[in-house]
Amino acid sequence: MRTVLLFAALSVSALAQQTPGNLPPTVTPPAAPAPATPSPEPPILDSSSMTPDVAYQYAMEPFTNARNAPDDLTDADKWALHLGMQRANQQCELLKLQKFAGEDLLALGKLCLFGQDFDPARESLIAYLASPSPKAPEVGRLLLLRAFLGLHEIAPAESQAESLLSTYPYDASIHLGIDQIDDAAAASMSADDLGVIVRLNEQQLPHILDALAAGGSLKGNGDFVDAAMLVDDALRIANDLRFSGKTEDAEKIVGQVSADAASDAIVRSASNAAIQNALTRYAFFQQPSPVREFHGAELVPSGATANRTILLYDPNPAAHRIVRHVGRETMVRMLDDRTLVLVFSLASPASGPTINKVLVQLAKEYLTPQLKIVAVTSWAANTGIDAPDPTALASLRAFRSTLPARLPVLIVPDDELRPFAIDRWPAALLVSGKGRVLWLDILSGSDGSILQMERQMESPATLQIPSFNGSR
């Protein structure tokens, strides 16, 4: 079952990716800002609370994350998968003309789904669920959900999720199915599809909190969801509420998650470090950036690295204005001089494709001028040790060649990245021209995650650009 769902997820993801740059004072200067609230400190991992087995799981976490990342297949894997999908598509086209009953309908649905032949997969799975006494109705609905997503039909997929929630105990496979619907809906520009996210968030959240309170993991149909993923999804829901103006509801969720994550079972688990980092990142919103500028070795498209400093923000108020004189009128416009930092690592196969997709999407959709974009990494993010490594440097140069030449790409000290509690890659950090953190989170690399970030970057909670003001 796990293999079939993996193939289904890969095929739906591949299809979705085919459809979702840079980017004189007035008479009296503004008053100095109030003292900034201290930025949250990143957690310090206390390995003494771990058993050897848990410590091993923690050490394996980067590798596990990489293996679970999108597009994490070798060339041989991709060739074999493509060959298998071609065979599945051919066999689906032949077999769909025949009449089947019972469990053969489920098997045909799996076959067609693997072959990305979504319409016959849907028909076969609907017939299976309507047949007398199907042996695996939950599996049938999970696969039908994915068939609908392959056809870009969000509402019918939501209907399957609601049926699963009302009929079966909440498990890992249902959780992952809902996550896939959320991601597909986020990649849509339809208001109806985006409304699906709100409804499913409301239904999924109680189950997430119950699972965390019960120890923090889910199993089901060969799938597994750990406490860190549950916390990520709870914070995703809280973040959506926060950006829609429902801050009190968001804080209630975060408070409950923090309380559940303090249980002994979770504190002693390998998920604890990732959970604490996720809570730290969430708390950074509208807080002062602990870093004003990045200092590092710039990876240029060709030639040796060069030392470069990238200013994230400028505390000088005059740096954020354009002054124009028209006759006796003085027009003052505030600049939107935010900086978007894309953090990457060679450990994440999604880093390169995600950065390129973000740049393409922002160039196509972004409406606000003056956005600066920079990509950064550290030696520690790639080797675990914050010291130059010739082998890693060669790989980073090769990685840099896959990115646009105009994009600044830096290797910065780990001390400058560590405060942001980024433990997975790629990630994105948005800093206002006055030094506030406006967005900080991990990116999955899907179209949905990128478009959702873009929407939140443009939301009133993040974007505040004063209009022209006139004075004599």
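The table for this structure:
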| read-out | value |
| --- | --- |
| Conditions (1) surrounded by fewer than 21 Cβ atoms within 10 Å (Cβ to Cβ); (2) in contact with a strand residue (DSSP E or B) (Cβ under 9 Å, 6 or more places away or on another chain); (3) within 25 Å of L440 (Cβ to Cβ); number of the one not met by P388 | (3) |
| Checking L367 against (1) more than 26 Å from M60 (Cβ to Cβ); (2) modelled with pLDDT of 95 or more, the condition it does not meet | (2) |
| Residue match in segment 146-165 (condition: over 23 Å from S217 (Cβ atoms), β-branched (V, I, T), in contact with a Phe, Trp or Tyr (Cβ under 9 Å, 6 or more places away or on another chain) and assigned to a helix (DSSP H, G or I)) | yes |
| Matching residues, segment 168-202, being closer than 16 Å to R141 by Cβ and within 18 Å of the chain's Cα centre (by Cα) | H175, L176, G177, I178, D179, Q180, I181, L200 |
| Residue in segment 284-299 that is more than 17 Å from E416 (Cβ to Cβ), modelled with pLDDT of 80 or more and of a type in the set (F, W, Y) present | yes |
| Within segment 101-117, considering residues that are of a type in the set (G, A, S) and more than 17 Å from G150 (Cα to Cα), the one surrounded by the fewest Cβ atoms within 10 Å (Cβ to Cβ) | A101 |
| Residue ranges of helices (runs of 4 or more DSSP H) in segment 350-461 with at least 1 members polar (S, T, N, Q) | 351-365, 379-383, 390-400, 447-457 |
| Residues that are surrounded by fewer than 21 Cβ atoms within 10 Å (Cβ to Cβ) and in contact with a Leu (Cβ under 6 Å, 6 or more places away or on another chain), drawn from segment 230-254 | D249 |
| Residues of segment 210-267 satisfying the condition of being in a helix (DSSP H, G or I), under 24 Å from E61 (Cβ atoms) and not hydrophobic (A, V, I, L, M, F, W, C) | D232, D233, R236, N239, S258, D260, D264 |
| Residue check for K246: over 23 Å from E138 (Cβ atoms) and among the basic types (K, R) | yes |
| Residues within segment 75-100 that are among the aromatic types (F, W, Y) and loosely packed, with under 13 Cβ neighbours inside 10 Å, tallied | 1 |
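Rundown of residues vs (1) assigned by TED's automatic domain parsing to the domain that holds N316; (2) surrounded by 21 or more Cβ atoms within 10 Å (Cβ to Cβ); (3) farther than 20 Å from L443 by Cβ, yes/no style:
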position: G195; (1), (2), (3): no, no, yes
position: I208; (1), (2), (3): no, yes, yes
position: S217; (1), (2), (3): no, no, yes
position: G220; (1), (2), (3): no, no, yes
position: A228; (1), (2), (3): no, yes, no
position: A262; (1), (2), (3): no, no, yes
position: S269; (1), (2), (3): no, yes, yes
position: L279; (1), (2), (3): no, no, no
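Matching residues to (1) assigned by TED's automatic domain parsing to the domain that holds Q276; (2) of a type outside the set (D, E, K, R); (3) at pLDDT below 95; (4) more than 30 Å from G195 (Cβ to Cβ):
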residue: R400; (1), (2), (3), (4): no, no, no, yes
residue: L403; (1), (2), (3), (4): no, yes, no, yes
residue: L430; (1), (2), (3), (4): no, yes, no, no
residue: E458; (1), (2), (3), (4): no, no, yes, no
residue: P466; (1), (2), (3), (4): no, yes, yes, yes
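The values are calculated or read from the model by the stated rules, or taken from the named source; none is laboratory data. Keep in mind that what you see is a predicted model, and the values were worked out from it rather than measured. Here Cβ is always computed from backbone atoms with ideal geometry, including for glycine, and neighbour counts include all displayed protein chains.
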